[in-house]
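Taking it in order: structure first as structure tokens, then the write-up.
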Amino acid sequence: MLFDLNRFGMGTYKQEAGKIIHLAWPMFIAQIAQVGVGVVDTVMAGRYGAEDLAAVALGTSLFMTLYISLMGVITALNPILSQLYGAQKITDLSKVGSQGVWLAFMLGILGMLIMWGLIAPLNHYFELSEYVKHVFAYYMFWIALALPFALVYRSLHAYASSLNKPKPMMWISLFGLCMSIPINYVLIYGIWGLPGLGGIGCAIGTVLVFAINTLCLWLYIRYDTYFKKFGRLSLKGGLDIPVLKRIVVLGIPIGLSFLIEVSLFTFISILIANLGVEYVASQQVVINISSLVYMVPQSLGAALSVCVGYAVGSGQMQRARYIAGVGLTIGLMASSVTVLVILIFRTSIVSLYTTDAAVIAIGAALLVFNAVFQLPDAMQTIATGALRGYKVTRLPMVVHAIAFWVFGLCLGYVLCFHFNMGIYGFWSALILSLTLAAIAFIVLLSRVSQRFVSKQA
């Protein structure tokens, strides 16, 4: 059987599944809360007006592209730290974690500068109203300031989760989400004598929330007694180039994989911008919903990266292979439920974001396509997470490039503009690209895990 799932009894399966879920569900809640901040932005901007929603949609797409891509580099901390933990190299954990924080801060500054540099050329490209361009420019300026905080938070997240302490991140992220609602309300609509900033207020609120989250998680890791045995995180030692290089070499392929995938959606948003405000707004609503749903396989993939990495670090190769298979079966069951929920409640879900009838109709139609690709998307995401546990990152990057850019973007462009399928052409191509990626990654994971088992034998 694939991944030797028949090797052990149901008791072992339940035990390993329990470990994965125990690690994954706090990650899921934490990431839902973080993505929820963006959802709050979109919902409140949509209620303010369709033009503000369109501006926030475009700015959010670019922010998420940079954030997720740079976060991918930071994600290399998970397999590095989990393998160190599995091998009981305790003294190295705080050193690697501290350098991860430094790297995250520098990448955040880089991302911020890139976003500022994109404002003028993109406003020149868009054929939208002057009001939308105005809101977009200021939204981009302010949301860029959130990147250093967001990436440092992700480095701290990787450190804590790799050391089997995911729950504090959950509570901190939920606190940040709760804070975002009143902060956004004040800044968007204007109360207590403050002017209503519309979509621009969303960006300022997001910066404040990310800053609060990062400070809270840093203080927790710095002073909680659990982390004392691993050594305290500290920035006083400055940069350690060999350690930074170790993270970057492993992380760049992960970051490029994330960039390839998320930029696909960003480019689609840019390419359809001239189809009209309704299509831009609908696309962003569905992307927001997709981002929330994606947290299920993404959390399972992150948990699997840690569990597989720990098993590999401790020399348990057969167990690592089995764990990978268990993670895939959990993802299959979870995504099946997701498909049904999206199909049944698609119109009601879109209606939460906007009252515009055209946006609701287009968004509900797009969610049908979104539901179809949930299964392959879950499988490719979880398999990729397991591969990171083996520190296999370069080949997945190549697979992502071919699947998403050749079959997703290029084919989608042809279907959209040459076969007159419009936005639905892009989503048809997405289904094909994700299916191909899922098949490729499952085969690759099976071969890699078997190779590790054979080497140990």
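The values are calculated or read from the model by the stated rules, or taken from the named source; none is laboratory data. Nothing here was measured: the structure is a model prediction, and the numbers come from that model. Neighbour counts run over all protein chains shown; Cβ positions are idealised from the backbone, glycine included.
Brief remarks follow.
- Test: residue in the stretch 410-429 that is within 30 Å of V249 (Cβ to Cβ) and more than 20 Å from the chain's Cα centre (by Cα): yes
- For the stretch 120-134, a residue qualifies if it is in contact with a Lys or Arg (Cβ under 7 Å, 6 or more places away or on another chain) and modelled with pLDDT under 70, and exactly one does: F126.
- Criterion: within 19 Å of A76 (Cβ to Cβ) and of a type outside the set (F, W, Y) - qualifying residue of L219, L244: L244
- Test for V101: is it at pLDDT below 85, hydrophobic (A, V, I, L, M, F, W, C) and more than 18 Å from the chain's Cα centre (by Cα): no
- In the stretch 382-391, the residues that are at pLDDT 90 or above and surrounded by fewer than 20 Cβ atoms within 10 Å (Cβ to Cβ): none
- Helices (runs of 4 or more DSSP H) wholly inside the stretch 138-257 that include at least 1 residues being β-branched (V, I, T) and touching a strand residue (DSSP E or B) at 6+ places or on another chain (Cβ under 7 Å): none
- The C-beta contact set for the stretch 62-78 (first residue within 20 Å of S98 (Cα to Cα), second residue charged (D, E, K, R) and surrounded by 23 or more Cβ atoms within 10 Å (Cβ to Cβ), distance under 6 angstrom, 6+ apart or interchain) comprises M71/R154; I74/R154.
- Set side by side, the residues L70, L81, L58 differ, and just one is assigned to a helix (DSSP H, G or I), surrounded by 24 or more Cβ atoms within 10 Å (Cβ to Cβ), out of contact with any Cys (no Cβ under 6 Å at 6 or more places or on another chain) and modelled with pLDDT under 85, which is L58.
- Helices (runs of 4 or more DSSP H) lying entirely in the stretch 368-457 (those with 3 or more residues that are more than 26 Å from G276 (Cα to Cα) and charged (D, E, K, R)): 423-456
- Which numbered condition A144 fails, given (1) closer than 22 Å to G237 by Cβ; (2) touching a residue at least 60 places away in the same chain (Cβ under 8 Å); (3) crowded, with 23+ Cβ neighbours inside 10 Å: (1)
- Residue check for N288: closer than 25 Å to W405 by Cα and surrounded by fewer than 20 Cβ atoms within 10 Å (Cβ to Cβ): no
- If the condition is being more than 25 Å from G255 (Cβ to Cβ) and not aromatic (F, W, Y), then the stretch 90-129 contributes I90, T91, A120, N123, H124, E127, L128, S129.
- Test: residue in the stretch 380-391 that is hydrophobic (A, V, I, L, M, F, W, C) and within 23 Å of A281 (Cα to Cα): no
- Odd one out for T354 among (1) assigned to a helix (DSSP H, G or I); (2) touching a residue at least 24 places away in the same chain (Cβ under 8 Å): (1)
- Subset of the stretch 354-394 (residues that are of a type in the set (F, W, Y) and in contact with a Leu (Cβ under 8 Å, 6 or more places away or on another chain)): F369, F373
- Some residue of the stretch 294-301 being assigned to a helix (DSSP H, G or I), under 29 Å from L84 (Cα atoms) and in contact with an Asp or Glu (Cβ under 8 Å, 6 or more places away or on another chain): yes
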